[in-house]
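*Asks:* Here's a structure for you.
The values are calculated or read from the model by the stated rules, or taken from the named source; none is laboratory data. Note that the structure is predicted; figures quoted are calculated from it, not measured. Cβ sites come from the backbone with ideal geometry, for glycine too, and all protein chains shown count toward neighbours.
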Amino acid sequence: MERIKTGISELDEIIGGFPEGKTIIITGDPGSGKTIFGLQFAYANCLEGKKILYVSTEEDAPELKQQGRSFGWNFESFENRGFLKFVELAGYRAMEIKEALSISMEAVKGDFTQFSDNLPVDTNILIIDSLGSHVSNLTSYEFRDRFNLLVYNMAQKGITTVVLLGGVISREFVDLALYSAYGAIQLLKRENPYTGLRERVMDIVKMRNTKTPVQLLPYEISSTGIIITIPIDSSG
Ligand SMILES: Nc1ncnc2c1ncn2[C@@H]1O[C@H](COP(=O)(O)OP(=O)(O)O)[C@@H](O)[C@H]1O
Ligand SMILES: [Mg+2]
């Protein structure tokens with residue numbers, strides 16, 4: 001199975017990258033670094049020459065680019081050369097997007113069927129930042145069906161998809177997404193049992209076809225983005 005860079009070099013060493021053409025979900029409380037992970041993943045793959053669509057439902061493109069710049073990631077040059085496209089699926093801007101990509105307003109409500117039919121043909125990577133409040137009106141059946149369809153459609157197209165699940169999404173929806181996603185990473189904070197200090201850790205909840213560590217991986221948000229701070233034995 002081909003692998004795609006996660007953007008976090010230590011994580012690439014540990015799990016070998018994300019399985020290509022599969023859907024991975026990233027969960028975590030607000031401020032845990034989901035968007036930074038998404039941007040870091042996008043930037044690393046811009047450098048690899050991949051075509052990337054970054055769909056944002058929370059922040060607009062200038063905000064995302066500004067956050068990227070704070071880590072030294074210059075997205076503009078990749079946007080200008082057509083490798084990266086930020087799509088804002090929020091508020092009034094969704095209307096423009098509908099025009100631009102023929103996405104039905106249903107996409108905003110969590111129906112990604114037509115959305116996935118209208119992705120630029122040569123897209124390699126899709127990042128959805130994030131599924132949250134706008135899917136809260138769905139029943140669990142609707143959410144499960146739509147999420148499954150997204151996973152299926154992206155796999156058919158061979159598009160590696162990272163879906164960030166926002167803080168307002170229900171536990172039940174997270175569980176449904178966990179079930180059908182190919183991989184899942186949870187970002188959390190915990191008290192270090194030795195130092196008594198709180199630290200950020202990531203849990204590789206699942207990653208099919210991949211040897212994953214059982215241990216939590218401590219990470220920091222540094223001046224160059226997310227870094228995993230202690231080397232770990234990947235045999236765990
Ligand atoms: N330039 C930076 N350097 C270090 N840490 C940062 C920087 N920018 C943001 N952060 C940290 O990242 C957090 C926001 O991460 P973000 O990816 O937006 O979280 P989420 O998307 O999970 O809500 C901030 O609360 C802050 O702790
Ligand atoms: Mg975010």
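*Asks:* For segment 174-203: of the residues being surrounded by 21 or more Cβ atoms within 10 Å (Cβ to Cβ) and in contact with a helix residue (DSSP H, G or I) (Cβ under 6 Å, 6 or more places away or on another chain), which is farthest from Ile15 (Cα to Cα)?
*Replies:* Only one residue fits best here, namely Ala177.
*Asks:* Is it fair to say Ile128 is crowded, with 16+ Cβ neighbours inside 10 Å, more than 22 Å from Gln40 (Cα to Cα) and modelled with pLDDT under 95?
*Replies:* When the stated conditions are applied, Ile128 does not pass them.
*Asks:* When both residues are 6+ apart or on different chains and their Cβ atoms are under 6 Å apart, which pairs have a first residue that lies in segment 61-75 and is crowded, with 16+ Cβ neighbours inside 10 Å, and a second that is at pLDDT 95 or above and assigned to a helix (DSSP H, G or I)?
*Replies:* Gly68/Leu39; Trp73/Tyr43; Phe75/Lys65; Phe75/Gly68
*Asks:* List, please: which pairs have Cβ atoms under 6 Å, are six or more places apart or on different chains, and start with a residue in segment 154-174 that is more than 18 Å from Gly33 (Cα to Cα) and end with one that is away from ligand 2 (no atom under 12 Å from the Cβ) and β-branched (Val, Ile, Thr)?
*Replies:* Qualifying pairs under 6 Å: Met154/Thr23; Met154/Thr161; Ile159/Thr123; Thr160/Ile4; Thr160/Ile125.
*Asks:* Considering each of Thr35, Thr27 in turn, give the residue that is more than 21 Å from Arg208 (Cβ to Cβ), hydroxyl-bearing (Ser, Thr, Tyr) and crowded, with 23+ Cβ neighbours inside 10 Å. Full working, then the answer.
*Replies:* Details: Thr27 fails: more than 21 Å from Arg208 (Cβ to Cβ).
Sole residue among the options that is more than 21 Å from Arg208 (Cβ to Cβ), hydroxyl-bearing (Ser, Thr, Tyr) and crowded, with 23+ Cβ neighbours inside 10 Å: Thr35.
*Asks:* Of these, Val214, Val205, Val168, which one is within 27 Å of Leu53 (Cβ to Cβ) and assigned to a loop (DSSP other than H, G, I, E, B)?
*Replies:* Val168
*Asks:* Looking at (1) touching a residue at least 40 places away in the same chain (Cβ under 8 Å); (2) surrounded by fewer than 19 Cβ atoms within 10 Å (Cβ to Cβ), which is the one condition that is false for Lys206?
*Replies:* Answer for Lys206: the failing condition is (1).
*Asks:* While we're here: Show the residue pairs meeting these rules: Cβ distance below 8 Å; 6+ apart or different chains; first residue within segment 30-54 and within 16 Å of Thr224 (Cβ to Cβ); second residue basic (Lys, Arg) and away from ligand 1 (no atom under 16 Å from the Cβ).
*Replies:* Pairs that qualify, where the first residue is within 16 Å of Thr224 (Cβ to Cβ) and the partner is basic (Lys, Arg) and away from ligand 1 (no atom under 16 Å from the Cβ), are Phe41/Lys5; Ala44/Lys5.
*Asks:* Something else: Being farther than 28 Å from Asp203 by Cβ, in contact with a helix residue (DSSP H, G or I) (Cβ under 9 Å, 6 or more places away or on another chain) and modelled with pLDDT of 95 or more: is that true of Glu106 here?
*Replies:* no
*Asks:* Quick check on segment 7-22. Is at least one of its residues modelled with pLDDT of 95 or more, crowded, with 23+ Cβ neighbours inside 10 Å and under 10 Å from the mean Cα position of the chain (by Cα)?
*Replies:* Scanning segment 7-22 turns up no residue that is modelled with pLDDT of 95 or more, crowded, with 23+ Cβ neighbours inside 10 Å and under 10 Å from the mean Cα position of the chain (by Cα).
*Asks:* Within segment 163-184, which residues are more than 16 Å from Asp203 (Cβ to Cβ) and within 16 Å of ligand 1 (Cβ to nearest atom)?
*Replies:* Matches in segment 163-184: Val163, Gly166, Gly167, Val168, Ile169.
*Asks:* Give the number of residues within segment 1-58 that are in a strand (DSSP E or B) and basic (Lys, Arg). Quick ask: steps written out before the conclusion?
*Replies:* As a first pass, look at segment 1-58 and keep what is in a strand (DSSP E or B): 3-4, 18-19, 23-28, 52-56.
Restricting the remaining residues to those that are basic (Lys, Arg) gives 3.
The qualifying residues number 1.
*Asks:* Can you confirm whether Leu47 is surrounded by fewer than 19 Cβ atoms within 10 Å (Cβ to Cβ) and more than 12 Å from ligand 2 (Cβ to nearest atom)?
*Replies:* The answer is yes for Leu47.
*Asks:* Within segment 185-208, is even one residue among the hydroxyl-bearing types (Ser, Thr, Tyr) and at pLDDT 95 or above?
*Replies:* No, every residue in segment 185-208 fails to be among the hydroxyl-bearing types (Ser, Thr, Tyr) and at pLDDT 95 or above.
*Asks:* How many residues are touching a strand residue (DSSP E or B) at 6+ places or on another chain (Cβ under 7 Å) and within 19 Å of Leu11 (Cβ to Cβ) if we restrict to segment 55-88?
*Replies:* 1
*Asks:* So for segment 214-224 (the condition being in contact with a Leu (Cβ under 9 Å, 6 or more places away or on another chain), charged (D, E, K, R) and at pLDDT 95 or above), does at least one residue qualify?
*Replies:* Within segment 214-224 (the criterion being in contact with a Leu (Cβ under 9 Å, 6 or more places away or on another chain), charged (D, E, K, R) and at pLDDT 95 or above), the answer is no, since none of the residues qualifies.
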